[in-house]
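What follows is one structure encoded as structure tokens, with my remarks underneath.
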Amino acid sequence: MNLNDIIQAAQGGQGVANLGNQFGLTPEQTQAAVQALMPAFSTALQRITSDPSSLAGIVSHLASGVHQASFTGANPAAAATNGSAALNQIFGSSQIASQIAAHASSASGVDAQTIQQMMPALASMLLGGLAHSLTAQGFGGVLGQLTSAAEASAGQGAAGQGGGLAGMVTSMIG
């Protein structure tokens, strides 16, 4: 399952529609905005897998369970609230997220401010979907252990010790 599959499956297949409803967009506008953002999310998540400190942060989000409801539920407001910290973890700063929103705006025709407001909910749905997919593959019980291992790697500054996890996440990011 790749990121596009995850977002299309979110909230029982209604995640994109729910985002559109929340922000007053047509289904076409919402889909265009989401598709314009997917490469940035994919690139950022792939980058994270090579940095033990960043990987520890993402694994911590996955293990927390807080994003599961964003993927499975239909409460976009909760997804936006839960996604702010995740968005910062994924992109590293709000300035980078703003630049990504501006680029996605020109690619999709949707207002950059609207896209920037959508991004936390999208981040939470994606992380919830990644956690859901890992759990479905039988890795749910080890997320906590992986968090500890990734944090230990980050603390030691030892790149590459999260290799197995990095490989799993990279393959899902697609």
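The values are calculated or read from the model by the stated rules, or taken from the named source; none is laboratory data. Computed from a predicted structure; not experimentally measured. Positions of Cβ are backbone-derived with ideal geometry, glycine not excepted, and every protein chain shown enters the neighbour counts. To get the accessible areas, we keep the full protein, side chains included, count just its heavy atoms, and leave off ligands, DNA and RNA. Shrake-Rupley method; radii C 1.70, N 1.55, O 1.52, S 1.80 Å.
Out of (1) within 14 Å of Gln22 (Cβ to Cβ); (2) touching a helix residue (DSSP H, G or I) at 6+ places or on another chain (Cβ under 6 Å), what's the single condition that is false for Leu62?
(1)
Looking at the stretch 46-56, which of the residues that are among the hydroxyl-bearing types (Ser, Thr, Tyr) and in a helix (DSSP H, G or I) is surrounded by the fewest Cβ atoms within 10 Å (Cβ to Cβ)?
Within the stretch 46-56, the match that is surrounded by the fewest Cβ atoms within 10 Å (Cβ to Cβ) is Ser53.
Could you check the stretch 24-34 and list, in sequence order, the residues that are within 19 Å of the chain's Cα centre (by Cα), of a type outside the set (Gly, Ala, Ser) and more than 11 Å from Leu122 (Cβ to Cβ)?
Gln31
Taking helices (runs of 4 or more DSSP H) that do not extend beyond the stretch 63-141, which have at least 2 residues that are under 18 Å from Leu3 (Cα atoms), modelled with pLDDT of 95 or more and open to solvent by less than 40 Å² (accessible area, probe 1.4 Å)?
Because the criterion is at least 2 residues that are under 18 Å from Leu3 (Cα atoms), modelled with pLDDT of 95 or more and open to solvent by less than 40 Å² (accessible area, probe 1.4 Å), the helices (runs of 4 or more DSSP H) in the stretch 63-141 that meet it are 94-108, 112-136.
Identify all residues within the stretch 26-45 that are open to solvent by 30 Å² or more (accessible area, probe 1.4 Å), touching a residue at least 12 places away in the same chain (Cβ under 8 Å) and of a type outside the set (S, T, N, Q); write none if there are none.
Passing the criteria: only Ala32.
Going by the structure shown, is Gly157 at pLDDT below 95 and at negative phi?
no
Looking at the structure I just gave you, is Ser60 modelled with pLDDT under 90 and open to solvent by 60 Å² or more (accessible area, probe 1.4 Å)?
When the stated conditions are applied, Ser60 does not pass them.
Can you work out which of the residues in the stretch 1-34 that are part of a helix (DSSP H, G or I), closer than 17 Å to Ala112 by Cα and small (Gly, Ala, Ser) is modelled with the lowest pLDDT?
Gly20
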